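**Student:** Encoded as structure tokens, here's the structure I'll be asking about.
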Amino acid sequence: MSDKRRDTKGRLLKSGERQREDGKYEYRYYDQKGVRRSVYSWKLVDTDKLPPGKRCKESLRSIEKRIRRDIEDGIQTQVAEQTT
């Protein structure tokens, strides 16, 4: 029987999420062209506190939500973030 993946605080991690050894959270997904992409954040959810000396704008779960919405709408997230 396989165990569910959990972070260091004991919370269940969803599919595609993982916690790296340095404590940062990573989400891996495939874009519309089939290229594997990764996004990182120090916070899993919006209510998490940042580790001392670290900066973070958005939690990983909110980034995931935005990426899923962009994929459904046909927006290429990586290209949209680089557009000025």
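**Student:** If I compute P(r) over Cα pairs in 10 Å bins from 0, in percent from the structure I just sent, which labelled value in [x] 20, 50, 27, 4; [y] 17, 53, 29, 1; [z] 15, 46, 30, 8, 0 lines up?
**Tutor:** Structure-derived value, by its label: [z].
**Student:** Next up: Which loop trypsin sites (Lys or Arg not before Pro) in the stretch 42-84, with loop taken from DSSP, have no more than 15 other Cβ atoms within 10 angstrom of their Cβ? Numbers along the way, then the final one.
**Tutor:** Working: sites: K43, K49, K54, R55, K57, R61, K65, R66, R68, R69; in loops: K43, K49, K54, R55, K57.
Listed in order of number, the matching sites are K49, K54, R55, K57.
**Student:** Additional query: Given springs between every Cα pair under 10 Å in a Gaussian network model of the chain, which of D46, D22, D31 has the largest fluctuation?
**Tutor:** Residue with maximal mean-square fluctuation among D46, D22, D31: D22.
**Student:** Considering only the other residues whose Cβ falls under 15 Å of the Cβ of D31, what net charge follows from Lys and Arg at +1 and Asp and Glu at -1? Don't skip to the answer; put the middle values down first.
**Tutor:** Values: positive: R28, K33, R36, R37, R66, R68, R69; negative: E64, D70, E72, D73, E81.
In short, +2.
**Student:** Then there is this: Between K54 and S38, 0.36 nm times their residue separation minus their Cα-Cα distance comes to what?
**Tutor:** Values: separation 16, 0.36 × 16 = 5.76 nm, distance 1.91 nm.
Length difference between fully extended and current span is 3.9 nm.
**Student:** Suppose every Lys and Arg Cβ carries +1 and every Asp and Glu Cβ carries -1, with no other charges. What dipole size does the chain come out with about its Cα centre, to the nearest 20 debye? List each step's numbers first, then the result.
**Tutor:** Numbers: 23 positive and 15 negative charges, 57 e Å.
It comes to approximately 280 debye.
**Student:** Taking 0.36 nm per residue of separation and subtracting the Cα-Cα distance, what length does fully extending D46 through R20 add? Please report the intermediate quantities before stating the final value.
**Tutor:** Working: separation 26, 0.36 × 26 = 9.36 nm, distance 1.85 nm.
Length gained, D46 through R20: 7.5 nm.
**Student:** With an 8 Å Cα cut-off and a minimum separation of 6 or more residues, compute the relative contact order for the chain in percent.
**Tutor:** RCO, the chain: 17 percent.
**Student:** Oh, and also: Just going by the charge dipole of the chain, with Lys and Arg at +1 and Asp and Glu at -1 on Cβ, which of V39, T83, I71 is farthest out on the positive end?
**Tutor:** Final value for the positive-end residue is V39.
**Student:** Compute the acute angle (0 to 90°) between the alpha-carbon long axis of helix 60-73 and the principal axis of greatest extent of the alpha-carbon atoms of the chain; round to the nearest 10°.
**Tutor:** 20
**Student:** Mind checking the per residue accessible area of the chain for me, 1.4 Å probe, whole number of Å²? Working shown, then result.
**Tutor:** Values: 6480 Å² over 84 residues.
Per residue, the chain has 77 Å² of solvent-accessible surface.
The values are calculated or read from the model by the stated rules, or taken from the named source; none is laboratory data. Keep in mind that what you see is a predicted model, and the values were worked out from it rather than measured. Cβ coordinates were reconstructed from backbone atoms using ideal geometry, including for glycine residues, and neighbour counts include every protein chain displayed. Side chains included, ligands, DNA and RNA excluded: accessible areas come from the protein's heavy atoms. Shrake-Rupley method; radii C 1.70, N 1.55, O 1.52, S 1.80 Å.
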